[in-house]
Amino acid sequence: MLYNHLQVHFLNVDHGDCTIVRHPGDQHRDEGRISVIDINDWPEQKDYVEEDDIDSLEYYLQFPVKDRQQSRSTGIRQKSQISPKEYAQEYLNDPIGYYNENFDEVRHKVWRFIATHPDMDHLSGLNRLDEEIGFSVFWDTDHNRERDGDDWYEVYEWADWELYKDIREGKTDHDNIQPTRGQQKKYWEHDNIEILHPSPEFVRELNEQNGNRKEPEYNDYSYVLKIQHGSRSILLPGDAEEEVWDEILEYWGPEVLKDVHVLKAAHHGRKDGFHREAVEAMDPDYVIVSVGEKDDQDAYDNYRSACSNETEILSTRQYGRIKAICTRPNSIIVDKAVPDGIFDLPNS
């Protein structure tokens, strides 16, 4: 039977991104193809979690967890604090384990992996994904980033970067492609993926700029992907910042954003990923924030003021995995792993 839904799973992977998309089926694959857009698995059961806070969790830890314990004497659910290790074990998603648990009926391996840009919080776990599940097609931009031990964070696995390099250099069996704005080929056209950014010219210019910078910037290489299902679309902008949004509006016009009903907040919900004109053009039903640090860079108030009162702004930090399901051409259902939220936050 032809699978006719679109599912977009926003995983709770600490400070990073991992989005798993199950596309509707077609004549080539009736069960639908799977896209994995970015991956981050370094928080999963790592030793450091026992000693250090999970990145950006500190704000939340001051609040008790909702309905965590039940009193034996009264039977009433009690509120309690939670440690970073407990949070990791109970609420963080291991992308590989999550895939195996939720897509076991899909007979084929992952069709495409899309690296929105070359930061390790979007690539950590790539080697595990390849070894334990496998993927056929690899999307990446034609950036000029190189790495060595001097700019390496030890929480990440060097094997992930090595595989990333090998794929880019054509040393593996993966189909390595570097599509850019407006391009379409058979399978991603069937999967209704539209590339809004980057253009080849933008990548070349950014490569030149980074070549002259002491501290290169890589966020603006980010793919901005629009996935359509009927009259609804979901926008996935990686860590795109202001210049990216400016170019999208200049090239496409605000009309290209009008049918966006689910927006994944750029750059983990930070202010440098927020663009008022773009968000107002969308006025989405949902804004999904992968983690979101509660510091002076948190853009919650910006999104709240740019969107209508009906817009729901949901963080994976508070609700765990968030899933958007398009069952019909004109509807989107959003499912939260923890519907009432994990922490008893003020004004929630």
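The values are calculated or read from the model by the stated rules, or taken from the named source; none is laboratory data. It should be emphasised that the depicted structure is a prediction, and the values quoted were computed from it without experimental measurement. All Cβ positions, glycine included, derive from the backbone under ideal geometry; neighbour counts span all protein chains shown. Keep in mind that these areas ignore ligands, DNA and RNA; they rest on the heavy atoms of the full protein, side chains included. Shrake-Rupley method; radii C 1.70, N 1.55, O 1.52, S 1.80 Å.
Whole Å is fine, so just give me how far the alpha carbon centre of the range 155-195 lies from that of the range 226-302. If you average the Cα positions of each part, the centres end up 23 Å apart.
Computed from point charges on the beta carbon alone (+1 for Lys and Arg, -1 for Asp and Glu), the dipole magnitude for the range 157-222 about its Cα centre is near 220 Debye. For the options 309, 176, 210, a Gaussian network treatment of the chain with springs between C-alpha atoms closer than 10 Å singles out 309 as fluctuating the most. Projecting the Cα atoms of 136, 325, 176 onto the charge dipole of the chain, computed from C-beta unit charges around the Cα centre, puts 325 farthest toward the positive end.
A viscosity of 0.890 mPa s and a temperature of 25 °C, combined with the Kirkwood radius over C-alpha pairs in the Stokes-Einstein formula, give the range 118-188 a diffusion coefficient of 183 µm²/s.
Computed from point charges on the beta carbon alone (+1 for Lys and Arg, -1 for Asp and Glu), the dipole magnitude for the chain about its Cα centre is near 1580 Debye.
When the chain is treated as a GNM with alpha-carbon contacts under 10 Å, the residue of 173, 14, 38 showing the greatest mean-square fluctuation is 173. Evaluating 6.51 cos²θ - 1.76 cosθ + 1.60 at θ = phi - 60° for every residue in the range 337-346, the Karplus couplings come out as 4, 10, x, 8, x, 7, 9, 7, 7, x Hz, glycine and proline recorded as x. Among 192, 212, 93, which one moves the most in a GNM of the chain with springs linking Cα atoms closer than 10 Å? Comparing 192, 212, 93 in a Gaussian network model of the chain, the most mobile one is 212. The calculated FRET efficiency for the pair residue 242 and residue 205, based on their C-beta separation and a Förster distance of 22 Å, comes to about 0.90. Would you mind classifying the range 251-342 by shape? Square roots of the alpha carbon gyration tensor eigenvalues, ordered a ≥ b ≥ c; an a/c under 1.5 is rounded, otherwise it is prolate if a/b is larger than b/c and oblate if not. In terms of gyration-tensor shape, oblate.
Assuming charge only on the beta carbon of Lys and Arg (+1) and of Asp and Glu (-1), the dipole of the range 275-348 about its Cα centre is about 400 debye to the nearest 20. Quick one: with all protein chains in place, what share of the accessible area of the range 166-280 is carbon or sulfur, to the nearest percent (1.4 Å probe)? Ligands and nucleic acids excluded, carbon and sulfur reach 39 percent. For 35, 231, the ranking by accessible surface with the largest value first comes to 231, 35, using a 1.4 Å probe. Accessible surface for residue 163 stands near 20 Å², nearest 10, in the context of the full protein assembly shown (1.4 Å probe). Candidates 207, 244, 279 compared by Cα position along the dipole of the chain: farthest toward the positive end lies 279, with charges placed on Cβ. Averaged over its residues, the chain has an accessible area of 45 Å² per residue, based on protein heavy atoms and a 1.4 Å probe. Give the percent of DSSP beta bridges with both residues in the range 91-227 that are antiparallel, rounded to the nearest 5. Just about 35 percent of them are antiparallel.
For the pair residue 142 and residue 308, a Förster radius of 35 Å applied to the C-beta separation gives a FRET efficiency near 0.35, rounded to the nearest 0.05.
For Cα extents along the principal axes in Å, the candidate list reads (1) 65, 48, 44; (2) 83, 40, 36; (3) 59, 45, 43; the entry that matches the value derived from this model is (1).
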